[in-house]
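Values quoted throughout were computed directly from the atomic coordinates according to the rules given, and no laboratory measurement underlies them. Note that the structure is predicted; figures quoted are calculated from it, not measured. For neighbour counting, all protein chains shown are included, and Cβ atoms are generated from backbone atoms with ideal geometry for every residue, glycine included.
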Amino acid sequence: MGDNHHHKETFITKYIFSQDHKMISKQYLITGLLMGIIGIGMSMLFRIQLAWPEDPNIFLELFLGKWAEDGVMDPNIYLALVTIHGTIMVFFVLTAGLSGTFSNLLIPLQIGARDMASGFLNMISYWLFFLSCVIMLISLFVTAGPAAAGWTIYPPLSALPQAQPGSGLGMTLWLVSMAIFIASSLLGSLNYVVTVLNLRTKGMSMTKLPLTIWAFFVTAIIGILSFPVLLSAALLLIMDRSFGTSFYLSDIFIQGEVLHYQGGSPVLFEHLFWFLGHPEVYIVLLPALGITSEIVATHARKPIFGYRAMIMSIIAIAFLSTIVWGHHMFITGMNPFLGSVFTFTTLLIAIPSAVKAFNYITTLWKGNLQLNPAMLFSIGLVSTFISGGLTGLILGNSALDINVHDTYFVVAHFHLVMGISALYGLFAGVYHWFPKMFGRMMNKKLGYVHFWITAIASYGIFFPMHFIGMAGLPRRYYTNTAFPYFDDLADINVLISVFAFIAGAAQLVFLYNFIHSIFYGKKTEQNPWKSNTLEWTAPVKHIHGNWEGEIPSVHRWAYDYSKPGHKEDFVPQDVPLKKGEEEH
Amino acid sequence: MNILLIFIIVIIIGIALWQLKKIFEIAQVSMDNSQIASDKDNRLNGKLMFAFLGFLYILMLFSFWKWGDLLLPKAASAHGKEYDFLMNISFILIFFVQFVTQAVLHYFAYKYRGKKEGKAFFYHENHKLELIWTVIPIIALAVLITYGLRTWSKIMYPKENEKALVLGLYAQQFNWKARYAGVDNVLGEAHVRYLQEFDGKNIVGIDPDDPYGKDDVVVTQEIHLPVGREVILKMRSQDVIHSAYIPHFRVQMNCVPGMITQFAFTPTITTAQMRKNEDIVKKVNKINAIRTENNKELIAKGEETLEPYEFDYILLCNKICGASHYNMQMKIIVESEEEFQKWLAEQKTFAEVIQ
């Protein structure tokens with residue numbers, strides 16, 4: 001890696017099959033954003049359906065064509081929309097788009113490495129991700145419709161084409177796409193772990209790493225441990241679907257026919273799925289929390305409070321996240337004793353989470369807060385992380401889960417705690433590192449408009465949603481008009497949808513700002529935020545190998561902000577300790 | 001037609017963006033928009049942060065005032081009381097923490113908004129403080145976990161009860177069926193391979209050779225339950241996973257093909273009593289007001305009007321199961337033991353059906 005000679009690059013090696021981590025990170029970001037537009041767009045369509053379930057709507061016909069003839073949505077397509085919305089947002093936007101973008105950009109730059117350990121694997125990882133996106137998008141155009149069994153694709157619904165139209169070719173493509181996605185994610189994660197362990201610059205001990213890197217590092221480890229299990233779950237499902245095995249299926253009678261499957265159990269699939277599925281929540285969330293740690297400290301001009309406690313809680317959350325998957329399965333027919341065990345482990349996660357939240361708040365205390373858009377989104381993240389995390393105390397408690405399981409209460413909970421929070425992390429990261437990625441600044445005013453509308457609208461969407469969940473309305477219902485009992489929820493659904501459209505529109509402001517700033521934003525100086533971390537010691541113009549000449553060596557932690565005895569309110573990591581100066 | 005519409009929308013969006021761009025260019029002339037907050041920005045956004053706290057509080061209070069009656073429908077089962085108590089404790093705890101932490105977070109964001117000449121306080125460790133806020137959640141969680149596990153065990157491991165009514169629930173796309181165990185109170189063996197026997201009259205696949213199955217009673221329209229007697233639900237599904245969800249009884253359990261799942265509960269309020277309950281009356285009136293309003297529209301359009309709503313316990317499907325998942329329901333009627341026995345005697349047993 002160490003070589004720094006500038007070999008000639010063609011358009012293709014520079015912009016397409018690039019092995020440079022900075023370019024790959026931009027590729028991840030832009031692909032992730034494109035998938036995000038599709039994922040959020042789908043939610044707009046099903047919010048139309050949920051708010052005005054009986055009225056024909058021209059937008060539905062416009063976007064869904066034959067699946068919404070005369071503007072009335074087909075119930076199968078409603079299920080397909082929620083399925084693909086979930087899949088795209090969880091995997092393609094918040095896993096690849098968030099973690100892929102910032103792990104790639106920041107790991108080499110913040111630890112002081114010239115590139116990832118293997119640029120080639122990194123390139124393959126991105127292109128596998130791209131391929132899986134393409135396959136997922138192709139599945140939207142299958143005659144019978146895309147996969148529609150929910151993003152958790154529980155068999156037998158997902159295994160039997162007789163059970164619903166989406167479980168035919170659409171489901172096959174979904175599985176293929178996810179298998180490729182997992183391969184991509186594993187290659188990426190291996191690369192991150194190896195890079196962090198081996199390529200840190202001189203002086204960069206593990207206890208001097210910025211918290212972003214800690215978060216990416218631990219995230220990569222849980223990814224490596226849990227994604228293969230989802231791959232095996234998917235492979236077994238493919239076998240059940242195509243080769244007549246009975247891993248997940250038994251005693252089935254459908255469409256007037258007894259099927260031959262004997263002895264399998266859908267509960268097995270649920271175990272395998274959630275063995276990834278729950279860590280996945282933290283694969284999505286930890287990078288966002290890492291980004292927040294960095295941004296809150298930098299823009300508060302104050303060291304992060306409890307650096308070691310933050311590392312410990314990242315590790316604790318990661319460890320616990322692998323032994324709590326059963327809380328998705330309290331009422332699946334699993335042995336109730338297991339329910340007790342998983343209640344115990346699940347509620348334990350609240351402890352490191354609470355520590356993190358308190359530490360963020362204390363970091364703000366007596367700071368000199370620079371309320372830039374990146375900072376606003378980080379504070380917003382702490383707010384939604386608390387609001388969404390607290391309802392986890394209800395859902396994680398097996399006894400209470402009985403009546404709210406799979407209702408809108410769950411939808412509200414996880415959208416706040418992992419959806420909105422992780423999206424805020426993504427936005428905060430983009431606003432903060434945009435100068436590093438594109439050499440220009442984004443527009444501040446538009447950033448503020450984007451944040452405030454999004455912040456108000458997202459609470460407007462998800463806070464009322466708790467109420468319809470507590471009232472007993474199940475999720476994934478095409479309409480609630482089949483039950484007169486739910487008639488009084490119609491108003492709330494309209495309100496939620498209106499907020500959803502506002503939130504959706506606010507993202508257009510971001511998109512405009514993003515695209516416009518890439519070309520016309522104000523040129524940035526090298527260290528616009530007066531930040532301590534190493535990426536800002538690299539030149540604005542991207543060069544292969546990141547630094548001209550020597551890689552800077554590290555003498556202090558990343559959080560010497562407003563340290564007494566220094567003229568400036570920041571001391572970059574490559575500044576040697578003064579004589580007699582104590583390490584933080 | 002569609003293509004034309006898309007075309008027009010694209011053009012309109014294009015024009016809008018172009019106009020937006022112009023506005024911003026004009027606005028940018030006089031100010032630095034390079035994303036680094038000035039003191040003015042810090043002041044404004046600091047105040048907005050504080051205002052946002054107000055918004056959050058108002059949203060929470062307004063929601064409870066306006067929709068508080070939706071929270072947890074009235075419990076009508078023996079374990080419902082305990083469930084509700086645990087839920088209320090959790091809610092109080094959650095709201096306390098939510099109110100305090102959000103207040104502190106947003107207040108700090110306002111109070112410590114940056115100034116050009118300002119300097120932050122170099123402060124990054126306090127083991128005592130960290131210990132305190134690790135220990136307090138541990139204590140709160142210990143209470144929640146202990147109490148939660150106790151409730152869970154009580155619900156999941158009911159005491160042996162010979163008088164309990166054994167009721168089979170049978171799920172398929174997209175309806176429910178129920179099977180009473182008959183005089184012997186034992187459900188006959190069943191399997192999907194028996195479904196096609198007797199010209200499809202064996203609708204839940206009871207083994208015709210099992211003597212326990214002969215007196216079983218299968219119903220498809222509504223479930224009747226005697227009040228005050230424990231019911232043991234034994235659930236099966238013939239095709240995909242479904243979930244039997246009865247919100248008023250605080251009951252939910254998945255129905256999984258290939259296995260039998262179980263949930264026991266005791267209904268404590270009859271349908272007739274429930275209909276007279278104050279909360280329910282209020283809710284029913286509210287719903288009927290909405291339905292009358294909707295009927296006006298329907299009449300104007302010349303469509304069929306909605307029936308007035310009357311309260312009934314409902315069994316819903318709460319696990320995605322296909323196109324009509326949203327309409328997979330069954331009515332449940334809770335009545336006195338005598339009424340129940342009378343109703344049950346009118347139903348045909350399995351032996352009678354297959355004759």
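The table below gives the values:
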item: Most positive-pole-ward Cα, B:Leu144, B:Val104, B:Ala78, against dipole of the stretch B:65-192 from beta carbon charges; result: B:Val104
item: Farthest toward positive dipole pole in chain A [+1 Lys/Arg, -1 Asp/Glu at C-beta], among A:Met334, A:Tyr485, A:Ser185; result: A:Ser185
item: If the convex hull is drawn through the Cα atoms of the stretch B:192-263, its volume per residue in Å³; result: 121 Å³
item: Rg/Rg_globular for chain B, with Rg_globular taken as 2.2 N^0.38 Å and Rg from C-alpha atoms; result: 1.45
item: Relative contact order of the stretch B:219-329, defined on C-alpha pairs under 8 angstrom at six or more residues apart (%); result: 29 percent
item: Three semi-axes of the equivalent ellipsoid, chain A, Cα gyration tensor, whole Å, largest first; result: 40, 25, 24
item: With Cα atoms, 0 to 90° folded angle of helix A:307-321 axis to chain A main axis; result: 20 degrees
item: Point-to-point label distance, B:Ala16-B:Gln273, nm (Cα→Cβ direction, 7 Å offset); result: 5.6 nm
item: Number of partner chain Cβ atoms within 10 Å, mean per residue of B:146-152; result: 6
item: Relative contact order, percent, the stretch A:1-87 [alpha-carbon distance under 8 Å, six or more residues apart]; result: 22 percent
item: Peptide A:179-187, shielding by other chains (average Cβ, 10 Å cutoff); result: 0
item: Efficiency of FRET between A:Thr481 and B:Asp69 - r from beta-carbon atoms, R0 22 angstrom, step 0.05; result: 0.60
item: Greater than 26 Å apart at Cα, pairs in A:Lys66/B:Lys286; A:Lys202/B:Lys128; B:Lys154/B:Lys342; A:Lys436/B:Lys116; result: A:Lys66/B:Lys286; A:Lys202/B:Lys128; B:Lys154/B:Lys342
item: Pair B:Ala51, A:Glu69: separation of 7 Å Cα→Cβ label points (nm); result: 5.0 nm
item: Residue mean of other protein chain beta carbons inside 10 Å, A:351-359; result: 5
item: Calculated FRET efficiency for the pair A:Val194/A:Trp127, C-beta based, R₀ 25 Å, to 0.05; result: 0.80
item: Straight-distance crosslink candidates among lysines, where the alpha carbon sits under 24 Å from B:Lys159 and sequence neighbours closer than 8 are dropped; result: B:Lys81, B:Lys234
item: Largest-first principal axis extents, alpha carbons of the stretch A:208-279, Å; result: 64, 19, 18
item: Cβ crowding within 10 Å averaged over residues, with A:551-559, A:337-345 ranked highest first; result: A:551-559, A:337-345
item: B:Arg43/B:Leu298 FRET efficiency (R0 56 Å; Cβ-Cβ; nearest 0.05); result: 0.55
item: Exposure proxy order (Cβ contacts within 10 Å, fewest to most) of A:Trp325, B:Trp133; result: B:Trp133, A:Trp325
item: DSSP bridge pairs, chain B: antiparallel proportion in percent, nearest 5; result: 70 percent
item: Debye log10 I(q)/I(0) for the stretch B:300-348, one point scatterer per Cα, at q = 0.19 Å⁻¹; result: -0.89
item: Dimensionless Rg over Rh [the stretch A:217-364; C-alpha; Kirkwood]; result: 1.14
item: From the C-alpha gyration tensor of the stretch A:155-270, square roots of 5λ in Å; result: 42, 13, 10
item: Lys pairs, the stretch A:508-584 - Cα-Cα below 15 angstrom, 8 or more residues apart or on other chains; result: 7
item: The stretch B:180-232: relative contact order in percent, alpha carbon pairs under 8 Å with at least 6 residues between; result: 36 percent
item: P(r) histogram, all alpha-carbon pairs of the stretch A:143-216 included - 5 Å bins from 0, percent; result: 3, 14, 18, 12, 8, 8, 8, 9, 8, 6, 4, 1, 0
item: Shape call, the stretch A:172-214: gyration tensor on alpha carbons, a/c limit 1.5; result: prolate
item: A:Tyr512, A:Tyr459 arranged by Cβ crowding within 10 Å, fewest neighbours leading; result: A:Tyr512, A:Tyr459
item: Proportion of all alpha-carbon pairs of the stretch A:431-584 beyond 28 Å (%); result: 51 percent
item: D_trans [Stokes-Einstein, Kirkwood Rh over alpha-carbon pairs] for the stretch A:415-463, 37 °C, 0.692 mPa s, µm² s⁻¹; result: 281 µm²/s
item: Ellipsoid equivalent to the stretch A:296-450 - semi-axes via the Cα gyration tensor, in Å; result: 34, 18, 12
item: Mean Cβ count within 10 Å, highest first, over the residues of peptides B:157-167, B:119-129, A:79-89; result: A:79-89, B:119-129, B:157-167
item: Net charge dipole size for chain B [Lys, Arg +1 and Asp, Glu -1 on Cβ; Debye, nearest 20]; result: 2020 debye
item: Cα-based shape type of the stretch A:45-133, given that a ≥ b ≥ c are square roots of the gyration tensor eigenvalues and the cut on a/c is 1.5; result: prolate
item: Cβ-based exposure ranking for A:Thr407, B:Thr220, in which fewest neighbours within 10 Å come first; result: B:Thr220, A:Thr407
